[in-house]
Every structure is written in C-alpha cells, then in structure tokens.
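The values are calculated or read from the model by the stated rules, or taken from the named source; none is laboratory data. Everything numeric here is computed off the predicted structure, so don't read it as measured data. Positions of Cβ are backbone-derived with ideal geometry, glycine not excepted, and every protein chain shown enters the neighbour counts.
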Amino acid sequence: MKFTLIFITALSLGLATGSLVAQDTTNPNKATSAAEEDHDAKEGQDKEFYEYYYKTIAESQPLKKAKLEYNLIKALKKEIVSRDTTKEAKESIKKIDTSNIKYERVYRESKWVRGFMGQLPHLTSRDFMFIVKYDKYMCFVSFDVNPESYLQEARQAQLIFEGKDKFEIAIPKP
C-alpha cells in the first residue's frame, strides 16, 4: 500500500513538472519570434544582400531557350539526314534554324501521345518529350534530362514525313 501511494505521488509530480517545463519552452519561442519581427522591420545587411542578389541575377530564360532549340534542331537534322536521302532534303537541312521551326513540349497524359506511343511500341515515355515541325517533317524527340539545361543528344527520335515516292507493296501474280 505504501509502495502504491509513493508511486502515484511520484507519477503526479512528474506530470506536473512536465507541464511546467512545456510552458517554459513555449515562452522563449514567443520572445524569439518577437525579436525576429523587430529585426525584419529594420533595414539590415541581410535584407540588402537579398535585394542585391536578386537584382544581379542574370536573366537565364534566353539561354535556356537557346539550349532547347539547339538540342531540338540538332536531333531533327540528324533524323532527316538518316531517313531522307533526297537532294532536296540535303538542301533543306541547311535552311533549318530557330526562325522556321515550330516545337512544343508534350506530356504522357495526353491522349494523342498515348495513341502514337501505342502504335510505336519502341518509343518509351520520358519526362522531357517534344514535337518539332519543319516544313513537311515532324519529329518526336525525347531527352533523359531537361534540354533547357544541358546540350545533349536526344534519347529517342522518330521522324515522320510525306515523301514523293511512297513505299507501295506490289504483290506478284501467282
């Protein structure tokens, strides 16, 4: 009986002390947040550094766009050279630049992307996929990493175009 009484007394004292400690730990946080608010209101070196940093950051959008277009044009030209061997194709490759191509990023959630991925099972879905169009050529291009960040080779490319002489299969007479 004495043991139980001592145990209950010790337990109740422990809970009371724990609640006091918890109250004491909340008060310093309030004091710290008040000090932070006072500092934020003042002009300080950290604020000046923050503002100066963001004023001096170079504009990276033109560089990202240039890298993306370079990667897309390089992949398109490579596919045209390997698939279309006509003389006109060789001449038109020289004319490809950023002013006469159209491109768009496509996503695996698109029903159209799922549609042609189903028809072309050798293509795999990636995070960075684009469709590039020039004249009669359209090319699906995918990259492993963001082509806006690095100059790189395309992971996969699939060129489609309408040529002059379509491949027609003539079945020989029996």
Exercise. Going through region 129-151 one residue at a time, which ones are farther than 22 Å from Arg83 by Cβ and either without any contact (Cβ under 8 Å) to a residue 12 or more places away in the chain or of a type outside the set (Asp, Glu) (or both)?
Worked result: Val145, Asn146, Ser149, Tyr150, Leu151
Exercise. Taking into account only those residues within region 134-152 that are among the hydrophobic types (A, V, I, L, M, F, W, C) and out of contact with any Asp or Glu (no Cβ under 7 Å at 6 or more places or on another chain), which is farthest from Thr98 (Cα to Cα)?
Worked result: Val145
For this session: Within region 154-174, identify whether any single residue is at pLDDT 90 or above, over 15 Å from the mean Cα position of the chain (by Cα) and assigned to a loop (DSSP other than H, G, I, E, B), and answer yes or no.
Result: yes
Exercise. Within region 58-69, can one find any residue that is touching a strand residue (DSSP E or B) at 6+ places or on another chain (Cβ under 6 Å) and not basic (Lys, Arg)?
Worked result: no
